[in-house]
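For reference, the structure discussed in these notes is given below.
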Amino acid sequence: MRFISYFCSVVLLFLVGCELPTVNSPYSEQADNAVTLYSSFSLRPKHLDPAKSYSENEASFTGQIYEPPFQYHYLKRPFTLVPLTATSLPSIHYYNKNDIEVSEDDTSSEVAYSVYQITIKPNILYQPHPAFSKDNKGQFVYHHLTDDQLDDINKLADFEVQGSRELVAEDYVYQIKRLADPELHSPILGVMSEYIVGLADYAAQLRAEKQLGKTIDLRTSAISGVKVVDRYTYQIKVIGKYPQLRYWLAMAFFAPVPWEADAFYAQPGLIKKNITLDWYPVGTGAYQLTENDPNSRMVLEKNPNFHDEYYPQQGEPSDLALGLLDDKGKKLPFIDRIVFNLEKESTSYWNKFLQGYYDISGISSDSFDQAIDVAPDGKYLLSDAMKEKGIALRTAVEASTFYIGFNMQDPVVGGYSDTAKYLRQAISIAIDYEEFISIFLNGRGIAAQSPIPPGIFGYRNGEVGINHFVYDWEKDTAKRKSIAEATKLLAKAGYPAGRSQKTGEPLTLYLDVPASGPDAKAQFDWLRKQFTKLGIQLVIRSTDYNRFQDKMRNGQAQLFQWGWNADYPDPENFLFLLYGPNSKMISGGENAANYQNAQFDHLFEQMRVMPDNDERRAIIKKMLNIITDDSPWIWGFHTRQFSLYHSWNKNVKPNLMANNTIKYRRLDAQQRSSLQQQWNKPILWPLLVLVVLCILCLLPAWLLYRQKLKKKNV
C-alpha cells in the first residue's frame, strides 16, 4: 500500500506544481515582462523595401518601421494629415511659366509648377543596424565583407556590432531617387513621373546607365525637381498643381532610406543569404523587425532609438466618452513587441482568439453567426457569447467602392440619349444591393449612392446624398424604388417587358468577368435573377484574366464588375475613375466605363486642384448630379470592416487610411493573463479517473504480492 501512496503523492505533486491554467499557451513570450501584442499573417510579405511594397499585408510591417514626413491623425475624422517626422505640413509655393510666384487661388493654367518644401525634426535616429557601424577610424565595419567573414552570418541578428545615425533631409531625397532605379521596379514610378519634375528623365538616365553596364550610385546624380536645401530641409517641384501629393507623402514610398543601407545590402554575399532591404527593413519608426521567418512567425520590437512622439491630445467629441483620450499626451509606443504568427486557417485563428491568445480578430463567414446577432431592426450586434467574454465590436466603412460598369461605347447599354439613360437606371433599380450585402457579405457593407465612400470629402449623408434615380427617401431612410418603377423606365427605354419594341426580341446583355472559382457561382446566379425581374436575360462570360483585361482595353465588354480601394482620402481618387481622358479604351486609364462628359471633365479639372472648402464641395455636388443622371455605373456598395477586440485592448479606433497605428494601442497584459487562465483551465477529471484506474489495476498485483510475502514468512 505504501507504493500506491507514493504513486498518488507523485501525481498530486505534479498537479499542484504545474501552472495548469497556462499549460496550453502557444507563446513563450509570456514568461518575460514585455507587453506583447499577438497577431497573425496568412501570406508572407513579398516586399518590405518601401520603394516596392504596395500590398496591404506588407503595410502591417512597413507602416510600423518606416516614417514618411506625414501621417494621418489617429482620432480625427475625416482623415486628417499631420506632421510625423516633419515640423509642420509642407509649405507650398506656386509659380507661373516666368518663374514668378503666384497665389494659390490663381487658375491652374497660370500655375506652371508648385514647390513643396518640407523641414524635418532634428535628433531623430535610425534603429540600430549593422549598416551604420564604424570602427575607431570612422570606417564602416560591414560594408566590405569577405566570404570568410560571412561564414557565420545567416541572418541580420548575427552581426555583433550595431550602429545608428541621425535622420537627415538627404535620406528622403535618396528614397525618391530610388523610385526611379530600374532594378527596383517601383509600382508608383509611372504615376509620380507625371507630376515630379525631372523624375521621368532621371529614370531614363538610370536605365541607360544600366544598359551600358555602369554601376548606379544614386548619390552622384540628381533629379532636377528634387533637392536638398539644408540638413533638415528638402524640396519637391511638381508640374502645375497637384495637391494630392501631400497624401503620397504619408505613404512608405516617401519614407527615408539611408544610403548606407543600400550599400550594405548590395554586397553579393548578403544577397545570396537573402539578407536584403526587402527582408530586413531599416527605419526610424516605433518598431524594428527582429525576427523574419515567413514559415512560422515575424516579430516587431520597440525601436530603442525611437524619437519622442506622444498620444494625441485631441480627437472627436465621442472619443472622450469611449476612453480614447485617457492616454493623451503620453509617450508612444505603449506596446513593446508584436508577434505575427503564420495562420493559414481562419478556424485555428478564431479558436485561439476565443481562448484569449490573439488580441483582435476579424469575422469570417464561418464564425459570423457565432459572433454576431441580427436585431429585429436589422442592426448587427454582438452575440451573447461574445458579450460574456467582454469582447467589443468596432466597425468602419472602408474607403473602397465596388460597382458594375456599363461600357458607354456599347451600342446597347452605352450612349447618352434619354432612352439609354432609362435603360441603365432601370437596371440600377433592379439590382438589389441591400439584398446582396445581406446574403454575400453578412451585412458588412452599405449600398453606394455615388463613387465616394463615407469618410471622404464630398460624401453626402442622408437625403441630400441619395441617388434619386434609384432611391426614394422615406421615414428618414433611403428606400430602393420598386420594380414597377424600373419596368416603366425600361419601357421608356424601348424594351417593354424586356423585349425590343422594334424587333420583339428579348433583350440579352453580357457581363464579362475574369475566371473565378466555384464560390462565385452563387453570386452569378443571384445577378441573373436580378435581371430576370425586368425580363432581361443576362449571359455571364468568364475568361482568363489576361483575356478579360484585353477585352476591357479594347472596349469589347458590355457590362463588367470592378472595384477600387483608395490610395488616399481625396475625392479625386474616386472621381478620376469617370474622368474622360482616363478612358481605358483611349489612354489605358482607370475609366473602365469609357465615360465621356465634357461638363463633368471640366468640373473635375477644377475640383482636383482645389483645397477642401465649400466651393470644392459645391463642385463635387454638381459632378455627382451629372453622373447619377448619366448612370455609367450601377453604384454597388462600400464594404464595412468588422473587428473584434478583447477587453484588455485600449485606445482602439479603426483608422483605415493609416498603417502605423499599433504605436497608439495599449494592452492591459495583467487582465489578459488573468482571463487566459480563467478561459483555459484544464479539465482535471479525466486525469483523476486515470489515477483511480491505475490504482484499481495495481491493487490486485499488490494484494497478490502481500499474499506471497505472508506465505514466505510462514
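Just name the residue that is nearest to residue 166 (Cα to Cα) out of those in the range 225-240 that are in a strand (DSSP E or B) and of a type in the set (D, E, K, R). Checking each candidate, the answer is 230.
Could you tell me which of the residues 369, 410 is modelled with pLDDT of 95 or more and either part of a loop (DSSP other than H, G, I, E, B) or not assigned by TED's automatic domain parsing to the domain that holds residue 523 (or both)?
Being modelled with pLDDT of 95 or more and either part of a loop (DSSP other than H, G, I, E, B) or not assigned by TED's automatic domain parsing to the domain that holds residue 523 (or both) holds for just one of 369, 410, which is 410.
Looking only at the range 238-259, decide whether some residue is surrounded by fewer than 19 Cβ atoms within 10 Å (Cβ to Cβ), of a type in the set (Val, Ile, Thr), modelled with pLDDT of 95 or more and closer than 30 Å to residue 102 by Cβ. Yes, the conditions are met somewhere in the range 238-259. Looking at 180, 203, just one residue is out of contact with any His (no Cβ under 8 Å at 6 or more places or on another chain), without any contact (Cβ under 8 Å) to a residue 40 or more places away in the chain and either surrounded by fewer than 17 Cβ atoms within 10 Å (Cβ to Cβ) or of a type in the set (Gly, Ala, Ser) (or both), and that residue is 203.
Output the number of residues of the range 337-354 satisfying the condition of being surrounded by 15 or more Cβ atoms within 10 Å (Cβ to Cβ), at pLDDT 90 or above and not in a loop (DSSP other than H, G, I, E, B).
Just the residues of the range 337-354 that are surrounded by 15 or more Cβ atoms within 10 Å (Cβ to Cβ), to begin with: 337-343, 346, 349-350, 352-354.
Still in the list and also at pLDDT 90 or above: 337-343, 349-350, 352-354.
Okay, now just the ones that are also not in a loop (DSSP other than H, G, I, E, B), so 337-342, 349-350, 352-354.
Looking only at that region, the number is 11.
Scanning the range 136-154 for residues that are surrounded by 15 or more Cβ atoms within 10 Å (Cβ to Cβ) and within 12 Å of residue 270 (Cβ to Cβ) yields 142, 143, 145, 150, 153.
Screening 366, 432 for residues that are more than 29 Å from residue 35 (Cβ to Cβ), surrounded by fewer than 20 Cβ atoms within 10 Å (Cβ to Cβ), in contact (Cβ under 8 Å) with a residue 24 or more places away in the chain and of a type in the set (D, E, K, R) leaves exactly one candidate, 432.
For residue 133, the conditions (1) free of Cβ contacts under 8 Å to residues at least 40 places away in the same chain; (2) more than 35 Å from the chain's Cα centre (by Cα) are fulfilled apart from (2). Quick one: in the range 383-438, of everything that is among the β-branched types (Val, Ile, Thr) and more than 30 Å from the chain's Cα centre (by Cα), which residue is farthest from residue 561 (Cα to Cα)? Here the answer is 419.
Which residues, counting only those in the range 493-509, are closer than 18 Å to residue 634 by Cβ and in contact with a helix residue (DSSP H, G or I) (Cβ under 6 Å, 6 or more places away or on another chain)? Lay out the reasoning, then the answer.
Step one: of the range 493-509, the residues closer than 18 Å to residue 634 by Cβ are 493, 495, 498, 507-509.
Passing the criteria: 493, 507.
When the range 287-314 is filtered for residues that are in contact with a His (Cβ under 9 Å, 6 or more places away or on another chain) and of a type in the set (A, V, I, L, M, F, W, C), nothing remains. With 422, 459 as the choices, which residue is over 22 Å from residue 639 (Cβ atoms) and in the same structural domain as residue 596 (by TED's automatic domain parsing)? Exactly one residue qualifies, and that residue is 422.
When 478, 497 are screened for being in contact (Cβ under 8 Å) with a residue 12 or more places away in the chain, over 15 Å from residue 428 (Cα atoms) and not basic (Lys, Arg), only 497 passes. If the condition is being assigned to a helix (DSSP H, G or I) and closer than 26 Å to residue 448 by Cα, then the range 552-565 contributes 552, 553.
Report whether or not residue 612 is assigned to a loop (DSSP other than H, G, I, E, B), more than 30 Å from residue 329 (Cβ to Cβ) and acidic (Asp, Glu).
Working: assigned to a loop (DSSP other than H, G, I, E, B): yes; more than 30 Å from residue 329 (Cβ to Cβ): no; acidic (Asp, Glu): yes.
When the stated conditions are applied, residue 612 does not pass them.
State whether the residues of the range 629-637 include one that is surrounded by fewer than 20 Cβ atoms within 10 Å (Cβ to Cβ) and in the same structural domain as residue 527 (by TED's automatic domain parsing). Yes, because at least one residue in the range 629-637 is surrounded by fewer than 20 Cβ atoms within 10 Å (Cβ to Cβ) and in the same structural domain as residue 527 (by TED's automatic domain parsing). Filtered by the rule that a residue be assigned to a helix (DSSP H, G or I) and without any contact (Cβ under 8 Å) to a residue 40 or more places away in the chain, the range 305-336 gives 317, 318, 320, 321.
Checking each residue in the range 549-589 for being in contact with a helix residue (DSSP H, G or I) (Cβ under 9 Å, 6 or more places away or on another chain) and of a type in the set (Phe, Trp, Tyr) picks out 560, 562, 564, 568, 576, 579. Total residues in the range 650-666 satisfying the condition of being modelled with pLDDT of 95 or more, surrounded by fewer than 21 Cβ atoms within 10 Å (Cβ to Cβ) and polar (S, T, N, Q): the figure is 1. Residue 243 - would you say it is under 30 Å from residue 162 (Cα atoms), in contact (Cβ under 8 Å) with a residue 60 or more places away in the chain, within 26 Å of the chain's Cα centre (by Cα) and not in a strand (DSSP E or B)? Taking the combined requirement at face value, the residue does not satisfy it. Close contacts from the range 401-418, counting a first residue that is farther than 19 Å from residue 430 by Cβ and a second that is outside any loop (DSSP other than H, G, I, E, B), with Cβ to Cβ under 7 Å and a gap of 6+ residues or different chains, come to 401/563; 401/564; 401/574; 401/636; 401/638; 409/585; 416/630. Select from the range 377-393 the residues that are more than 18 Å from residue 438 (Cα to Cα), loosely packed, with under 13 Cβ neighbours inside 10 Å and out of contact with any helix residue (DSSP H, G or I) (no Cβ under 7 Å at 6 or more places or on another chain) and list them in ascending order. Result: 384, 388, 390.
Taking the criterion of being assigned to a helix (DSSP H, G or I) and within 30 Å of residue 386 (Cα to Cα), would at least one residue in the range 285-304 satisfy it?
Keep residues of the range 285-304 that are assigned to a helix (DSSP H, G or I), which gives none.
The answer is no, given that none of the residues of the range 285-304 is assigned to a helix (DSSP H, G or I) and within 30 Å of residue 386 (Cα to Cα).
Looking at 91, 114 in this structure, which one is under 21 Å from residue 234 (Cα atoms), in contact (Cβ under 8 Å) with a residue 40 or more places away in the chain and either surrounded by 10 or more Cβ atoms within 10 Å (Cβ to Cβ) or not β-branched (Val, Ile, Thr) (or both)? Outline the logic, then answer.
On the way: 91 fails: in contact (Cβ under 8 Å) with a residue 40 or more places away in the chain.
Answer to the check: 114.
The values are calculated or read from the model by the stated rules, or taken from the named source; none is laboratory data. Because the structure is predicted, anything quoted here is derived from the model rather than measured. Every residue, glycine among them, receives a Cβ derived from its backbone with ideal geometry; neighbour counts consider all protein chains shown.
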